[in-house]
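*Asks:* Can you keep this structure in mind? I'll have questions shortly.
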Amino acid sequence: MLVFLPACGGSDETAAPASGSGFRYEPGGADFFATPWPSDHRVLADGTVDLGSFPRQEVAIVSQIVQAIEGHITGFSTMPTGYFQLQGAPSGEALLAPIDTLDPTAAVQLIALGPESCGERVPVEMQISLANDGDPYLPGHVLQIAPVPGFVLRQQVPYAFVVLRSFTMASGEPVERPAQWDAYLEGTKTGPIADSLEPLRACAAQGEIDLDAVALGTVFTVQDVVGPASALRNAVADPDYSDAPEITGWAVDAGLSGSDHTAYTATYQTPIFQTGVSPYADEGGDIVFDEDGQPIIQRWEEVPMIVVVPEGAGPFPVLLWVDGTGWGQWSHVSSSLTKSLLAAGFAVA
């Protein structure tokens, strides 16, 4: 969701737009479009994204999405959308083909800023919102930039959306650098915005970016999307994390057994990490971690299990069956795939 969830976070001061710059740039402005999105200056002290000014929060579904993200999501999307509001219409040549955005001189770019990836360009698509299209979430003259689908950004790496001075307005004039952003970039003005631009300055120092050519940019760090799943995996694999589940009630299910296989059923207690009551239709479903990053078990739940074993002397390799939507309890046992696996000497659990 963070691809489409811009919001205003910690700001440095309130200021009027830079007259004639081409860009709207108002640090401290009340709405999301006051400064480019996404930006590391729009995160809270705990690293989570601040969506306090996301538009139309009076709409129920918008409010629900914001509440689901606030306080939970750290960092920005691996497939983000960048937003830069212009003070007027751009020229007809402003929108570039994705392949052209890989050129270091392209007027619009997405650039990796990490120590090992500094200067890597990611191809982007772009579009401009019209001044009178009636979009309740998007005002006119907003430049929207996003990676070409399939080009996923690296986790926990800073990136920058940048627009160069060569980007031209409908008048034919190139855009100018907003004076306040220049002060933040040069370090003559301090604060969260200035701090957020440090990876851009550091990458430019390696010769990969010509900062003099940049009219406006925004730096953001990509979230760790697999971190929570890795923490869960490590926890359940750690014998010291919790007691091993106890399997009870072993029994032969005669109805599911056959001449070439035997079906054994049982139950075991499994840890549930999601808060609330399943299926979490209206609330709950969060996974909570302690200060050390360990997932917190919310409750234990009894789960049925089945192991189907082919006839003959074992041991047998075991295939774990993981089903999805539409599954009925043990419906897979009679499937042609299970029969083929049993015939090939696999046990299916």
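None of the figures in this text is laboratory data; all of them are computed from the coordinates on show. All values reported here derive from a predicted model rather than from experimental measurement. Heads up, the Cβs are rebuilt from the backbone with ideal geometry, glycines too, and the neighbour counts pull from every protein chain shown.
*Asks:* If you take the alpha carbon radius of gyration of the range 231-346 and divide it by 2.2 N^0.38 Å, what ratio comes out, to two decimals?
*Replies:* Ratio of Cα Rg to 2.2 N^0.38 Å: 1.31.
*Asks:* Note down the magnitude of the dipole of the range 227-348 about its Cα centre, charges +1 on Lys and Arg C-beta and -1 on Asp and Glu C-beta and zero elsewhere, to the nearest 20 debye. Before the final figure, lay out the partial values.
*Replies:* Working: 3 positive and 16 negative charges, 130 e Å.
Charge dipole of the range 227-348: 620 debye, to the nearest 20.
*Asks:* Counting only GluC sites (Glu not before Pro) that sit in a DSSP loop (anything but H, G, I, E, B) with at most 12 other Cβ atoms within 10 Å, what is the longest stretch of the chain containing none of them?
*Replies:* Free of exposed loop sites, the longest segment is 117-245.
*Asks:* Convex hull volume of the Cα atoms in the range 167-291, per residue, in Å³? Intermediate values should be presented prior to the final figure.
*Replies:* Details: hull volume 43.7 nm³, N = 125.
Per residue, the Cα convex hull of the range 167-291 comes to 350 Å³.
*Asks:* Under a Cβ-only charge scheme (Lys and Arg +1, Asp and Glu -1), can you give me the dipole magnitude of the range 200-269 about the Cα centre, in debye to the nearest 20?
*Replies:* 140 debye
*Asks:* Another question, then. Within 10 Å of each candidate Cβ there may be at most 13 other Cβ atoms; applying that plus a DSSP loop requirement, which chymotrypsin sites (Phe, Trp or Tyr not before Pro) in the range 262-349 survive?
*Replies:* Those that pass, being in a loop and sparsely packed, are Tyr280, Trp327.
*Asks:* If you compute Rg/Rh (Cα atoms, Kirkwood Rh) for the structure shown, which of [x] 1.13; [y] 1.09; [z] 0.94 do you land on?
*Replies:* The listed entry that was calculated here is [x].
*Asks:* Mind pulling the angle between the C-alpha long axis of helix 227-237 and the longest principal axis of the chain? Nearest 10 degrees, somewhere in 0 to 90.
*Replies:* Around 20 degrees separate the two axes.
*Asks:* Along Cα→Cβ, 7 Å out, is where each label goes; now give me the distance between the ones at Ser166 and Thr188 in nm to one decimal.
*Replies:* Calculated label separation equals 2.7 nm.
*Asks:* Give me Ser171, Ser196, Ser39 sorted ascending by neighbouring Cβ count inside 10 Å, so fewest comes first.
*Replies:* Ascending Cβ contact count within 10 Å gives the list Ser171, Ser196, Ser39.
*Asks:* Of the residues Ile193, Ile297, Ile111, which exhibits the maximal mean-square fluctuation in a Gaussian network model of the chain defined by a 10 Å Cα contact cut-off?
*Replies:* Largest GNM mean-square fluctuation: Ile297.
*Asks:* Sorted from largest down, what three extents in whole angstroms do the Cα atoms of the range 76-235 have along their principal axes?
*Replies:* Result for the range 76-235: principal-axis Cα extents of 59, 38, 30 Å.
*Asks:* Roughly what would the spin-label model give for Thr325 and Arg299, points 7 Å off Cα along C-beta, in nm?
*Replies:* 2.5 nm
*Asks:* Now for a separate question. Go ahead and run the numbers for FRET between Ser230 and Glu173, Cβ-Cβ distance against an R0 of 41 Å, rounding to 0.05.
*Replies:* Taking R0 as 41 Å, the efficiency between Ser230 and Glu173 is 0.25.
*Asks:* Let me ask something else about it. Please list 3J(HN,Hα) in residue order for the range 317-328, calculated via the Karplus relation 6.51 cos²θ - 1.76 cosθ + 1.60 where θ = phi - 60°; whole Hz, with x for glycine and proline.
*Replies:* x, 10, 9, 8, 8, 10, 9, x, 4, x, 6, x
*Asks:* Also, quick follow-up: Taking the alpha-carbon centroid of each part, what is the distance from the range 57-107 to the range 199-231 in angstrom?
*Replies:* 15 Å
*Asks:* Please give the calculated 222 nm ellipticity per residue for the chain, where each DSSP H segment of at least 4 residues contributes -39500 (n - 2.57) and the sum is spread over every residue; nearest 500 deg cm²/dmol?
*Replies:* Mean residue ellipticity, 222 nm, calculated: -4000 deg cm²/dmol.
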